[in-house]
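Working notes for the structure below.
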């Protein structure tokens, strides 16, 4: 699986954890669905492509401030829960996080 595909799966898992625990629904609520769709759009347009670092280490903040804050809250909540629910994704995200940002293409 390519880096961006894996990032999309990881973000989807994190939003799923957040929505399930905070909103009590099995399916994503409209607000969480919109945030996930927005993050997928941003990932698809990422100028770094498969050389993309994790968002925390990315030199370019491509999210709108409001969406960035919402995603930060989701990741802060879901991140510590990821190893228990998605251990492989967590490990791969940790490895990806060790990579620094590469120069812009």
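Descriptive notes on the structure:
- The C-alpha atoms of the chain define a longest principal axis, and helix 3-23 lies at about 20 degrees to it.
- Modelled spin labels at residue 26 and residue 91, positioned 7 Å past Cα toward Cβ, are 3.0 nm from each other.
- Taking the fewest neighbouring Cβ atoms within 10 Å as the starting point, the ordered list for 71, 14 is 71, 14.
- Equivalent ellipsoid dimensions for the stretch 3-98 as semi-axes, Å, which come from the Cα gyration tensor, largest first: 20, 17, 11
- Take every Cα pair under 8 Å whose residues are at least 6 apart in sequence, average their separation, divide by the length of the chain, and the relative contact order is 38 percent.
- Helix 65-78 vs. the chain, principal-axis angle (Cα, 0 to 90°, nearest 10): 70 degrees
- Measuring r between the beta carbons of residue 76 and residue 33 and using R0 = 22 Å, the FRET efficiency lands at 0.65.
Rule-based calculations on the coordinates, nothing more; no lab input. Remember, it's a predicted structure, so these values are computed and weren't measured experimentally. Cβ coordinates were reconstructed from backbone atoms using ideal geometry, including for glycine residues, and neighbour counts include every protein chain displayed.
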